[in-house]
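Written below as C-alpha cells is the structure these notes are about.
Bear in mind these aren't lab numbers, they're just calculated from the coordinates by the rules spelled out. A quick note: this is a predicted structure, and the numbers were derived from the prediction, not measured. For neighbour counting, all protein chains shown are included, and Cβ atoms are generated from backbone atoms with ideal geometry for every residue, glycine included.
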Amino acid sequence: MRDIHFLIIIVCLTLGLGIGGAVVFACSDPDPPGPPIGIDSPGGGVVLMGTTEVKATVGEDVKFESVEFFANDKSIGKDDEAPYSVKWDTTTVANGKYELTAVGTPSEGEKVKSKIVTVTVENSKDS
C-alpha cells in the first residue's frame, strides 16, 4: 500500500452567495525502485537439476567489487567481474525449494542484496 505524502484541499467560495465546494488531491510516490542488483537467471518457479548457471544483473552505473550468490542463505559462489555469475551444482543439495539471492559488495558503502528468486531442485536419485 502506498503512503499518501501530502493532501491539498482547495475550498472555493462564490462571492457573497455562500456556495462552497472542496476539491481534494491526494498524491503518492510510485512504487519504490528495487535494489540495483537482481537474479537474472534462473527465473522464479523454475525446476533445476544438475549444474546450472546463476546470473545476476546490476543497474546502469552500478559497480561491485564482487557479487556473492546464495541458496537458502548458504554461499554457492562468488564472482569478481561483470557479468556476474556462478555455476551451481544442485546435486550437492537435497531436492526441494531454494531461495536464491545475490549480494553485491561495492568498493564503498554497504552491501546490497537482491530480491529472492525461488526455484525447485529435483535431481533424480541416479544423479
Next item on the list: Scan region 68-81 and give yes if some residue there is in contact with a Gly (Cβ under 7 Å, 6 or more places away or on another chain) and within 19 Å of Gly45 (Cα to Cα), otherwise no.
Entry: yes
Note to self: Pull out all pairs, ordered by first then second residue, where Cβ-Cβ is under 6 Å, the residues are six or more apart or on different chains, the first lies in region 46-73 and is on the phi > 0 side of the Ramachandran plot, and the second is loosely packed, with under 12 Cβ neighbours inside 10 Å.
What the structure shows: none
Next item on the list: Identify, from the list Lys111, Lys115, Lys74, the residue that is in contact with a Ser or Thr (Cβ under 7 Å, 6 or more places away or on another chain) and among the basic types (Lys, Arg).
Entry: Lys111
Check: Pick from region 44-62 the residues that are among the β-branched types (Val, Ile, Thr) and surrounded by fewer than 16 Cβ atoms within 10 Å (Cβ to Cβ): which of them is nearest to Glu122 (Cα to Cα)?
Finding: Val47
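Mind listing just one residue for me: the one in region 91-116 that is aliphatic (A, V, I, L, M) and out of contact with any Asp or Glu (no Cβ under 9 Å at 6 or more places or on another chain) and, of those, surrounded by the most Cβ atoms within 10 Å (Cβ to Cβ)?
As a first pass, look at region 91-116 and keep what is aliphatic (A, V, I, L, M): 93-94, 100, 102-103, 112, 116.
With the extra rule that they be out of contact with any Asp or Glu (no Cβ under 9 Å at 6 or more places or on another chain), the set shrinks to 93-94, 100, 112.
Details: Val93: 16, Ala94: 8, Leu100: 24, Val112: 18.
Of everything passing the filter in region 91-116, Leu100 is surrounded by the most Cβ atoms within 10 Å (Cβ to Cβ).
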Check: Pairs, please: C-beta under 8 Å, at least 6 apart or cross-chain, first residue among the aliphatic types (A, V, I, L, M) and in region 78-98, second loosely packed, with under 12 Cβ neighbours inside 10 Å?
Finding: Ala82/Lys63; Val86/Glu53
Next item on the list: Being crowded, with 19+ Cβ neighbours inside 10 Å, not in a strand (DSSP E or B) and not hydroxyl-bearing (Ser, Thr, Tyr) is the filter here, so list the residues in region 63-90 that pass it.
Entry: Phe64
